């Protein structure tokens, strides 16, 4: 085998240049691969960050769904309770209807007695509802006649007297007697000499109040 070319300087120069070029190209390739690796790493970091953000959003949505589910469950429980109440009212209505049917099927005298026991009592008002009667008279024979005002309204003059017994509410001769609204009232009497008497009275509903002066 002829190896004389190994002894020629030109060969080694060419060989050296070839090795240097090869190493340079290999270095370029390493830089390119390193740059790609760095970009890949950055993309992986971005992707991982995006995945974490989406996981956080998903967890938040899951919590909202759980809360909504709990609210729906609570509403369903309330609806069930309302249904029970409605059913109870329906049962009460049926019981009442059955009771009415039983009462209707009872003998007439029993029904009459039942109605009488629960019949509302009616009050008879002699002078009208919310009203009473006021009778004013004098009690001495030698007293002068009195002029009478009730609640600052002139009502007339008293001429007759009832010394021993007060007049009945039906008597009106010589007295001032009239129906008035039940409650508090002011009476003023004045004689011919100008002397006056003032008194406050309370008239009760459906009653007669008698007031004498002397």
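What follows is calculated from the coordinates using simple rules that are stated; it is not laboratory data. Predicted model, so just to flag it, every value in this text is computed and none were measured. All Cβ positions, glycine included, derive from the backbone under ideal geometry; neighbour counts span all protein chains shown.
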ask   = For residue 159 and residue 179 in one chain, what is 0.36 nm times their gap in residues minus the Cα-Cα distance, to one decimal in nm?
value = 5.2 nm
message = With the crude spin-label approximation of a point 7 Å out along Cα→Cβ, what separation in nm comes out for residue 66 versus residue 196?
response = 8.8 nm
remark   = Length gained, residue 78-residue 44, 0.36 nm per residue minus C-alpha separation, equals 7.2 nm
key: Cβ-derived FRET efficiency at R0 45 Å, residue 58 paired with residue 86, nearest 0.05   = 0.65
